Amino acid sequence: MTSPYPILSILGILIVTLTLAAGLIWLERRLLALWQDRYGPNRVGPFGLLQVLADMIKIFFKEDWIPPFADKAVFVAAPAIIVVTVLMSFAVVPVAPGIIVSDLDVGLLFVLAMSSLGVYSVVLAGWSSDNKYALLGGVRAAAQMLSYEVFMGLSLMGVVLLAGSFNLTAIVEAQRNLWFVAPQFLGFVLFLIAGAAETRRLPFDLPEAESELIAGFHSEYSGMKFGMFFVGEYLGVILISCLITILFFGGWLGPVLPPIVWFLIKVMFFIAFFILMRAALPRPRFDQLMSWGWKLMLPLALANLLITGAVVLAWRS
Amino acid sequence: MAQTFLDSTELVLNMGPQHPSTHGVLRVIVKLDGEKVLGTECVIGYLHRGVEKIAENRTYQMFAPYVDRMDYVAAISNGLGYCLAVEKLVSAEAPPRAQVVRVILTELNRIASHLLWLGTHALDVGAITPLFYTMREREYALNIFEQYCGARLTTHAFRIGGLQYEVYEDMEKDVLDFCRMFAPKIDEYEELLSGNRIWMERLINVGILNAEDCKAYGVTGPMLRAAGVNWDIRKAMPYSGYDKYDFEVPVRENGDTYDRYIVRMLEMRQSVRILEQAARGIPEGPIMAKVPKVLKPPVGEAYVSIEAPKGELGYFIVSDGSVQPYRLRVRPPSFVNLQALDKMARGSLVADLVAIIGTIDIVLGEVDR
């Protein structure tokens, strides 16, 4: 069931997600400030809402410097990749019944594929910069995102088994009686962790790791190219929050309020959760992150899949 | 076999002097194999101002404000050490009232210094929030300094022979209020960090420096006590009447980064204890001993060391009988403790290196002088 007005849907979702991403920067700064006992941006416009606009103007007018030692073509392409892949993922996200760009039957696989492609952006940015810190960041990003992707996909298979479909709309519809977070609580926790790792947000921001690698993979980036990474990161947060909402918390389903409002409420909740995580947690070490991923998360995801499969089989027969 | 680009070679990484977590202008040249640290070399001197040489061209009183600029995070401790050294040289002693006020300000400064360390150390490990909390509480201590002597950071609070300023009207009350306010705040920090799985995994068994190594390198202060050596100059060689106060010296065994963190947290609690006792018992009397305006110490030399927040801070002064020191030598704890960096960091990862630099608690103004 694709939307009757595809162009409208595409434009609508593009505008809404990009505005949300910009708004999210403001929200994060305000919320962090709230938890850290300070004010945050509150000068430009009401409640500092226009701060993002001011920052955008600033970043557009900054010198867009490409280091002479960098691999130019790759250096320029890298920031575009991340924004494009994340925005592509939004194509299959059902916001409300009928509000979706493309209702793919393999929607979930498409999202996973796009997030795998997003890794290239970070890795290539790190390598093409020809900077030692960026290189270390790129290497970390490659290892971290590849290994967390493995069980990110696996943790979702329980949901797919229960819904019997990769189609995100069908998955939401399958949760009419019970949100999947109840039968798939382990899957939810695993996906939450993997999702945080995919977005490279604070407990998992090792590729950037400001205190170790200065700015990690985007050390050499400036101007709007840096801005693209920034926007890509926030788009990633929105995407992961949308996915959690759709896969585990019944998407737009909810009483009284219109579906789209329910969807936004749930998404905002998880966005706030990601910001709180950033405020509260220190950063794990690289080797610890990898060993948690492979030694703890992956076996748990496999066990989750195995048990869900067995239960579903027994139920059907 | 032919060398291919896959055969990993060592990477020499230049950390600093501009780097977010070298705490100033420390430059560490790191040899890396992947992320593993094969060796480090510290390059210092970016903040060298020749403080010791300046001392030879200033009178004893004129040089006193300069010492504040060494460990500017704990300026009061610096001033105390210098004043004690000169007082020893001229055989003067600050009157009891001055001594108690000195203890109050020094312990407040110890807390302020540890708070700055805690915030930045947590930031190095990736926790961004504690910094704002510690800065918030540090503000109270700095406000008391400001009320007392007008300056917040480089205070120049003490004079040779005692104090220049009388205690301001509500100082006792302010200090006691600070103690009441601050004790629960330590619990708050510990709640955020001490039991946190990630925090513990990042710090436990990282950068171990055992007691023998500590002694070999001359490492002092919380780093030494975290390795199990009960050595605190306030107890071992009491000065400024520290023997009158009831407090404990926190000691831990493992000498890893986590133990150093715990020792400093406990030290803040002990400082609060000292503050409470001192603020309740400020005796009446003069605040300045009889010291001549033109200070001409007899020919001789004096060494005084005190327990600064970062370790043993020593001043060695040689006098030739003139109004200026013939030679002044500072034993800065940061500089000596920094020597152990390579020993601790070898074999760990880049992330550990950052945590270890944070745990030494260096101030580059003191390392370079």
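Quick check: is even one residue across the stretch A:162-175 open to solvent by 20 Å² or more (accessible area, probe 1.4 Å), at pLDDT 85 or above and in a helix (DSSP H, G or I)? Step through it out loud before you land on a result.
Step one: filter the stretch A:162-175 for residues open to solvent by 20 Å² or more (accessible area, probe 1.4 Å), giving A:162-166, A:170, A:173-174.
Then keep just the ones that are at pLDDT 85 or above; that gives none.
No - not one qualifying residue is present in the stretch A:162-175.
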For B:Val367, which of the numbered conditions (1) farther than 30 Å from B:Pro96 by Cα; (2) assigned to a loop (DSSP other than H, G, I, E, B) fails to hold?
-> (2)
So A:Ala80 clears everything in (1) surrounded by 14 or more Cβ atoms within 10 Å (Cβ to Cβ); (2) in a helix (DSSP H, G or I); (3) under 22 Å from the mean Cα position of the chain (by Cα) except one condition, right? Which one?
-> (1)
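Run down A:Thr85, A:Thr19 and say which single residue is of a type outside the set (Phe, Trp, Tyr) and open to solvent by less than 20 Å² (accessible area, probe 1.4 Å).
On the way: A:Thr19 fails: open to solvent by less than 20 Å² (accessible area, probe 1.4 Å).
When all the criteria are applied, what remains is A:Thr85.
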Check whether at least one residue in the stretch A:294-302 is within 14 Å of chain B (Cβ to nearest Cβ) and either buried (at least 23 other Cβ atoms within 10 Å of the Cβ) or charged (D, E, K, R) (or both), and report yes or no.
-> yes
Go through (1) without any contact (Cβ under 8 Å) to a residue 12 or more places away in the chain; (2) touching a Phe, Trp or Tyr at 6+ places or on another chain (Cβ under 7 Å) one by one and return the number of the condition A:Gly164 breaks.
-> (2)
Test set (1) crowded, with 24+ Cβ neighbours inside 10 Å; (2) more than 24 Å from A:Lys225 (Cα to Cα) - A:Gly137 fails condition number | (2)
Is one or more of the residues making up the stretch B:324-346 away from every other protein chain (no Cβ under 14 Å), crowded, with 23+ Cβ neighbours inside 10 Å and among the aromatic types (Phe, Trp, Tyr)?
-> no
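Out of the residues in the stretch B:5-35 meeting the condition of being buried (at least 16 other Cβ atoms within 10 Å of the Cβ), touching a strand residue (DSSP E or B) at 6+ places or on another chain (Cβ under 7 Å) and not aliphatic (A, V, I, L, M), tell me which one is nearest to the other protein chains (Cβ to nearest Cβ). Spell out the reasoning first.
At the first step, the residues of the stretch B:5-35 found to be buried (at least 16 other Cβ atoms within 10 Å of the Cβ) are B:13, B:15-17, B:19-28, B:30, B:32, B:35.
This time we only want the ones that are touching a strand residue (DSSP E or B) at 6+ places or on another chain (Cβ under 7 Å), so: B:13, B:15-17, B:22, B:26-28, B:30, B:32, B:35.
Retained after the next criterion (residues that are not aliphatic (A, V, I, L, M)): B:16-17, B:22, B:27, B:35.
On the way: B:Gly16: 10, B:Pro17: 13, B:Thr22: 10, B:Arg27: 14, B:Glu35: 6 Å.
Result: B:Glu35.
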Tell me which residues, restricted to the stretch B:182-218, are of a type in the set (A, V, I, L, M), within 14 Å of chain A (Cβ to nearest Cβ) and in a helix (DSSP H, G or I).
-> B:Leu192, B:Leu193, B:Ile198, B:Met200, B:Leu203
Do the conditions hold for B:Met223, that is, is it within 14 Å of chain A (Cβ to nearest Cβ), of a type in the set (A, V, I, L, M) and within 30 Å of A:Gln288 (Cβ to Cβ)?
-> no
State whether one or more residues within the stretch A:112-130 are more than 20 Å from the chain's Cα centre (by Cα), open to solvent by 10 Å² or more (accessible area, probe 1.4 Å) and either within 14 Å of chain B (Cβ to nearest Cβ) or under 22 Å from A:Trp294 (Cβ atoms) (or both).
-> yes
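Can you tell me how many residues within the stretch B:315-349 are within 24 Å of B:Ile204 (Cα to Cα) and not in a helix (DSSP H, G or I)? Don't jump to the end; show me each part of the working.
Step one: of the stretch B:315-349, the residues within 24 Å of B:Ile204 (Cα to Cα) are B:333-334, B:336-349.
From what is left, the residues that are not in a helix (DSSP H, G or I) are B:339-340, B:346-349.
Qualifying residue count, the stretch B:315-349: 6.
Check the stretch B:45-62 and report whether any residue there is under 30 Å from B:Pro283 (Cβ atoms) and surrounded by 15 or more Cβ atoms within 10 Å (Cβ to Cβ).
Narrowing the stretch B:45-62 to residues under 30 Å from B:Pro283 (Cβ atoms): B:60-61.
Next, from what is left, pick out any that are surrounded by 15 or more Cβ atoms within 10 Å (Cβ to Cβ): B:60-61.
Yes, the stretch B:45-62 contains at least one residue that is under 30 Å from B:Pro283 (Cβ atoms) and surrounded by 15 or more Cβ atoms within 10 Å (Cβ to Cβ).
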With criteria (1) more than 27 Å from A:Ala196 (Cβ to Cβ); (2) open to solvent by less than 30 Å² (accessible area, probe 1.4 Å), A:Gln36 comes up short on (1)
In the stretch B:288-314, how many residues are open to solvent by 30 Å² or more (accessible area, probe 1.4 Å) and in a loop (DSSP other than H, G, I, E, B)?
-> 8
Of the conditions (1) touching a Gly at 6+ places or on another chain (Cβ under 9 Å); (2) part of a helix (DSSP H, G or I); (3) open to solvent by 30 Å² or more (accessible area, probe 1.4 Å), the single one that B:Met223 does not satisfy is (3)
Subset of the stretch A:143-161, residues open to solvent by 10 Å² or more (accessible area, probe 1.4 Å), under 16 Å from the mean Cα position of the chain (by Cα) and either at pLDDT 85 or above or among the hydrophobic types (A, V, I, L, M, F, W, C) (or both), comes to A:Leu146, A:Val150
Odd one out for B:Ser113 among (1) open to solvent by less than 10 Å² (accessible area, probe 1.4 Å); (2) within 14 Å of chain A (Cβ to nearest Cβ) = (2)
Out of all the residues in the stretch B:116-141, which are open to solvent by 10 Å² or more (accessible area, probe 1.4 Å) and within 14 Å of another protein chain (Cβ to nearest Cβ)?
-> B:Thr120, B:Leu123, B:Ile128, B:Leu131, B:Phe132, B:Tyr133, B:Met135, B:Arg136, B:Arg138, B:Glu139, B:Tyr140
Restricted to the stretch B:63-110, and to residues that are within 17 Å of B:Ile160 (Cβ to Cβ) and of a type in the set (Phe, Trp, Tyr), which residue is surrounded by the most Cβ atoms within 10 Å (Cβ to Cβ)?
-> B:Tyr82
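The values are calculated or read from the model by the stated rules, or taken from the named source; none is laboratory data. Keep in mind the model is a prediction, meaning the values are calculated, not measured. No Cβ is skipped: glycine too gets one built from the backbone with ideal geometry, and neighbour counts run over all protein chains shown. These accessible areas exclude ligands, DNA and RNA; they are computed on the full protein's heavy atoms, side chains included. Shrake-Rupley method; radii C 1.70, N 1.55, O 1.52, S 1.80 Å.
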